[in-house]
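Structure first, then comments.
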Amino acid sequence: MSKDKTNLTECEQLVMKVIWESDEELTLPDIVKGVNERFQRAWKPQTVSTFLARLVRKNFLTSYRSGRTFFYQPIVSEKDYGDKMIKRCVEFWGNNNAGDLLCALHDKRKLRDDEIAKIKELINELN
């Protein structure tokens, strides 16, 4: 069975999140520092390097070398990946019904007043 090159593991998502949130190209030390600080990890460079290699193979990242340093750039945008994941979530967990997914979300974690207001605003825009 071949692995789906469009899905990311949780660890790969953490690495991508650090890369997506940067305004500049990052190096391995930048990414290690970012993941460890932002997500309270204690990953070593070799661990992050493994994830980066996988992300390059999956065509989520591109890298280039300048001197002895590799720089990483996203190929897939955070928005494109997020949109795909949300669509899959609606299809799978919401039985292809966004309303069912929203109800399930509310059952698991009560929505805050500001979230409810935003949903009402969206519904009004749809009418």
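The values are calculated or read from the model by the stated rules, or taken from the named source; none is laboratory data. As the structure is a computational prediction, the values presented were derived from the model and not from experiment. Note: ideal-geometry Cβ built from the backbone for every residue, glycine included; neighbour counts use all protein chains shown. With ligands, DNA and RNA removed, areas are computed over all heavy atoms of the protein, side chains included. Shrake-Rupley method; radii C 1.70, N 1.55, O 1.52, S 1.80 Å.
Out of residues 5 or more away from Asn97 or on other chains, whose amide H comes under 5 Å of its own, with H placed 1.01 Å from N in the peptide plane?
none
Arg65 versus Asp107, label points 7 Å from Cα toward the beta carbon: distance in nm?
If labels sit at Arg65 and Asp107, their model points lie 5.4 nm apart.
Output wanted: per-residue J couplings in Hz (rounded whole) for the stretch 110-121, from phi through Karplus 6.51 cos²θ - 1.76 cosθ + 1.60, θ = phi - 60°, x for Gly and Pro.
Per-residue couplings from phi come out as 4, 6, 6, 4, 5, 5, 4, 4, 5, 5, 4, 4 Hz.
So if R0 is 35 Å, what FRET efficiency would Lys44 and Asp23 give, r being the distance between their Cβ atoms, rounded to the nearest 0.05?
Approximately 0.85, to the nearest 0.05.
Sequence neighbours fewer than 8 away in the same chain don't count; with that in mind, list the lysines whose C-alpha is under 19 Å from Lys44.
Filter leaves Lys17, Lys33.
How many nm separate the modelled label positions at Met85 and Glu125, each set 7 Å beyond the Cα in the direction of the Cβ?
Label-label distance for Met85 and Glu125, simple model: 2.1 nm.
Could you tell me whether the chain comes out rounded, prolate or oblate from its Cα gyration tensor? Rule is a ≥ b ≥ c as square roots of the eigenvalues, rounded for a/c under 1.5, then prolate if a/b exceeds b/c, otherwise oblate.
Since a/c reaches 1.5 and a/b is larger than b/c, the shape of the chain is classed as prolate.
Mind grabbing the accessible area of Trp43 for me, 1.4 Å probe, Å², rounded to tens?
That residue has around 40 Å² of solvent-accessible surface.
Amide H to amide H, which residues 5 or more places from Leu61 or on other chains are under 5 Å from it, using H placed in the peptide plane?
Under 5 Å from the amide H of Leu61: Val56, Ile75.
What's the carbon and sulfur percent of the stretch 19-127's accessible surface, probe 1.4 angstrom, rounded to a whole number?
53 percent
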